[in-house]
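This report refers to the structure that appears directly beneath it.
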Amino acid sequence: MNYINRTYSVENISSIKLAKKFGTPIYCYSYKKIKENIFNFKENFNSFKPLICFSVKSNSNLYLLREMKRLGCGADVVSKGELIKALKAGIDPKKIVFSGVGKTFEELSYAINKKILLINAESKSEIVKIEKIAKTKKKTVDIGIRLNPNVDAKTLIQISTGKKTNKFGIAENDFYKLVNLVKKSKYLKLKCLSIHIGSQILDYKPYVKMLKILNRIIINSGHYFEFIDLGGGMGISYNDKIKKLNYSKYSREVYKFYKKHKSKIIFEPGRSIIGDAGVLICKVIYIKKTNNKNFVILDAGMNDLMRPALYGAEHKIIPAQKKNSILNKNIEFVGPICETTDSFLFLKKFQKLKENDVIVICDVGAYGMSLSSNYNLRPKPLEILIKQNKISIIKKREKILDIL
Ligand code: LLP
């Protein structure tokens, strides 16, 4: 995913050609990059060979899930819809974990019928509900309890999940009570302790703190957990100033933990697998000069890529065709949606642009398409995968008729 003869290309295929052939906007993924990310992830944690459950919420494209399966991943799901998709992709139920604070009776029933590896419960009420369902079905169900360790993951406040003020998981004092409750049940088996402190984590130290707390709580609980599910959250580099997570340091700490507790480690990565493997190819509709700045109005909007509007996230924006001429003016890349927050990036300078130029928004593989909507009644974009010079349409462009 780089420039070839000054043209931005995905696995040797020019983004300009893709724009011409398919129209814009397009979510375009590189198979090679996905494979490399999974390979590196496995390598980094090779000392304890974790089960990698790809977090389906980060990208739920069925075709991509099938590739994840072929590359050895399981799935982390948070709804019946995601569970159905993971199963449809052929992922082994014994490699699927189900998280989330609000699983309904129907969702739990479905997950129990499908005999997935673990349901990670997040409240006493949920545990009671699982037990009731298990009892009527005359089954024993393997569950995990998600702990809220009250750790600050030092990430965006909106994507922090492990602090005591967050709705996720169970606080330490209640955790012990629930361990005892589950141990008494005829229908439940407490197999896992799960945890997930947040997303886009760049510093390994919050993870170290998390492991320390886990260590203490496991010992205090007096229970052997067959699985410890450490969640996902590994951050990626969205621009040159951001250094991605130091995997070797994190891995060393988990290995020490693993040797002590002898539990199978599960990870639920999303962004670190698919984030930098996808770009959004779009086009300049208009350039609107004002007294303050030049608005570059793209044909992709916040309905296609929500992260900037929702979290103030910054994604690199680059030209599909590199030129030498620089436009030294304040430039704001915006979408066509009727919202002021429909703005992607402000830059002091960019190369000279004209209407119809092709533009690439980088690192949108995770929480790009999966967060997209039909706001302003706009059809969702096309998704394509490039694999060994072959272009596959992995989700057709929605038509207006589909959403009317
Ligand atoms: N496991 C659980 C229980 C989670 O809640 C999440 C993400 C993950 C795993 C995967 O985390 P990852 O490895 O992708 O960081 N929409 C936001 C991110 C929300 C993350 C929600 N939970 C964004 O665009 O930054």
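The values are calculated or read from the model by the stated rules, or taken from the named source; none is laboratory data. If you're wondering where the values come from, they're calculated on a predicted model, not measured in any experiment. Here the Cβ positions follow ideal geometry from the backbone for every residue, glycine too, while neighbour counts run over all protein chains shown. Note: areas computed on protein heavy atoms with side chains; ligands, DNA, RNA excluded. Shrake-Rupley method; radii C 1.70, N 1.55, O 1.52, S 1.80 Å.
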key: Matching option when the condition is more than 15 Å from the ligand (Cβ to nearest atom), polar (S, T, N, Q) and over 24 Å from Arg6 (Cβ atoms), among Asn374, Asn389   = Asn374
message = Within region 318-342, take every residue that is surrounded by fewer than 18 Cβ atoms within 10 Å (Cβ to Cβ) and under 25 Å from the mean Cα position of the chain (by Cα) and give me the one that is farthest from Asn303 (Cα to Cα).
response = Ile318
message = Is it the case, given these coordinates, that Lys323 is modelled with pLDDT under 95 and more than 24 Å from Lys32 (Cα to Cα)?
response = yes
Neighbours by Cβ (under 6 Å, 6+ apart or cross-chain): first from region 246-273, within 25 Å of Ile159 (Cα to Cα); second open to solvent by 50 Å² or more (accessible area, probe 1.4 Å) and among the aromatic types (Phe, Trp, Tyr) = Asn246/Tyr204; Lys249/Tyr204; Tyr250/Tyr204; Ile265/Tyr258
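Every residue, every condition in (1) in the same structural domain as Val97 (by TED's automatic domain parsing); (2) among the acidic types (Asp, Glu); (3) surrounded by 19 or more Cβ atoms within 10 Å (Cβ to Cβ), yes or no:
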{"site": "Leu18", "(1), (2), (3)": "no, no, yes"}
{"site": "Lys35", "(1), (2), (3)": "yes, no, no"}
{"site": "Phe39", "(1), (2), (3)": "yes, no, no"}
{"site": "Ser47", "(1), (2), (3)": "yes, no, no"}
{"site": "Cys53", "(1), (2), (3)": "yes, no, yes"}
{"site": "Ser58", "(1), (2), (3)": "yes, no, yes"}
task = Please verify whether region 298-306 includes one or more residues that are among the charged types (D, E, K, R), assigned by TED's automatic domain parsing to the domain that holds Gly365 and surrounded by 24 or more Cβ atoms within 10 Å (Cβ to Cβ).
result = yes
remark   = So, first residue closer than 19 Å to Glu122 by Cα in region 148-159, second residue among the basic types (Lys, Arg) and within 12 Å of the ligand (Cβ to nearest atom), Cβ within less than 6 Å, six or more apart or across chains; the pairs are none
inquiry  = When you scan region 276-296, do you find a residue that is part of a helix (DSSP H, G or I) and of a type in the set (Phe, Trp, Tyr), even just one?
reply    = no
